[in-house]
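The values are calculated or read from the model by the stated rules, or taken from the named source; none is laboratory data. Keep in mind that this is a model prediction, so the values were computed, not measured. No Cβ is skipped: glycine too gets one built from the backbone with ideal geometry, and neighbour counts run over all protein chains shown. Calculation scope for accessible area: heavy atoms of the full protein, side chains included, ligands and nucleic acids excluded. Shrake-Rupley method; radii C 1.70, N 1.55, O 1.52, S 1.80 Å.
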Amino acid sequence: MTILQTFLADLVKAALISDDAASLRWRDEARRAHAVIASDPSAVAGLKIDGIWTLAVHEAEAPAFRASETRVSFTLPVACPFSLADITDPGFDIDAGVERIVGSASTG
């Protein structure tokens, strides 16, 4: 698993979980992963973001996490809602990123 997949999975988990404390923990994990990415953007350059997004969504929706993912039932988009340029930006806003994921989902 790449740091990019970890980062995206952490964002998705934060978006799926309605418990504020648990969501904050995943946001903190995403901040740590983002710091690694922002410190060396070349490490993720050239990666296929949509493929990694798919892997991250599958990781976040793993059975081990389903019991705590109680926000709403929604379907995440096939394409990543972020570009690599968004993600490597040192000023990437984690909280806004989580809300962007929620906003890009189809609710069911």
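Just to be sure I follow the definition: excluding the sites themselves, where is the longest run in the chain that has none of the trypsin sites (Lys or Arg not before Pro) in a DSSP loop with at most 16 other Cβ atoms within 10 Å? Numbers along the way, then the final one.
On the way: sites that count: K48, R71.
The longest such stretch corresponds to 1-47.
Zone of A38 (label point 7 Å along Cα→Cβ, backbone N under 15 Å): which residues in segment 83-98?
Output list for this probe position: 85-98.
Among A62, A14, A43, which one shows the biggest mean-square fluctuation in a GNM of the chain, springs joining Cα atoms closer than 10 Å?
A62
Can you give me the % of accessible surface on the chain that is carbon or sulfur? Probe 1.4 Å, all protein chains present, nothing else counted.
Values: 3150 of 5550 Å².
Ligands and nucleic acids excluded, carbon and sulfur give 57 percent.
Counting heavy atoms of the protein chains only and a 1.4 Å probe, report the per residue accessible area for the chain as a whole number of Å².
Details: 5550 Å² over 108 residues.
For the chain, the solvent-accessible area averages 51 Å² per residue.
Say each of A96 and R25 gets a label point 7 Å from the Cα, pointing the same way as Cα to Cβ; how far apart are those two points in nm?
2.8
When the helix-only estimate is applied to the chain (DSSP H runs of n ≥ 4, each -39,500 (n - 2.57), divided by the residue count), what is the mean residue ellipticity at 222 nm, nearest 500 deg cm²/dmol?
Details: 6 runs with 66 residues, N = 108.
It comes out at -18500 deg cm²/dmol, rounded to the nearest 500.
Return the single residue from A22, A56, A30 with maximal mean-square fluctuation; model: Gaussian network over the chain, springs between Cα atoms under 10 Å.
Looking only at A22, A56, A30, the biggest GNM fluctuation is shown by A22.
From largest to smallest, what semi-axes in whole angstrom does the chain give when each is the square root of 5 times an eigenvalue of its alpha carbon gyration tensor?
Details: eigenvalues 91, 42, 30 Å².
Listed largest to smallest, the semi-axes of the chain are 21, 15, 12 Å.
Around L84, under 12 Å between beta carbons, what's the net of Lys plus Arg minus Asp minus Glu among the other residues?
Charge balance near L84 sits at -2.
Of the residues D89, D20, D28, which exhibits the maximal mean-square fluctuation in a Gaussian network model of the chain defined by a 10 Å Cα contact cut-off?
D20
Summing +1 for each Lys or Arg and -1 for each Asp or Glu, what net charge is found among the other residues whose Cβ lies under 12 Å from the Cβ of R31?
Computed value for this residue: -2.
Label points 7 Å out from Cα along the Cβ direction at L47 and V78: separation in nm?
2.2
In whole Hz and in residue order, list the ³J(HN,Hα) couplings for segment 82-99 that follow from phi through the Karplus curve 6.51 cos²θ - 1.76 cosθ + 1.60, θ = phi - 60°; x for Gly and Pro.
Per residue, the Karplus-derived 3J(HN,Hα) values read 10, 8, 4, 5, 4, 5, 7, 5, x, x, 3, 8, 4, 4, 5, x, 4, 5 Hz.
For segment 3-14, take each phi angle, set θ = phi - 60°, evaluate the Karplus expression 6.51 cos²θ - 1.76 cosθ + 1.60, and give the result in whole Hz per residue in order, putting x for glycine and proline.
4, 5, 5, 4, 4, 5, 4, 4, 4, 5, 4, 4
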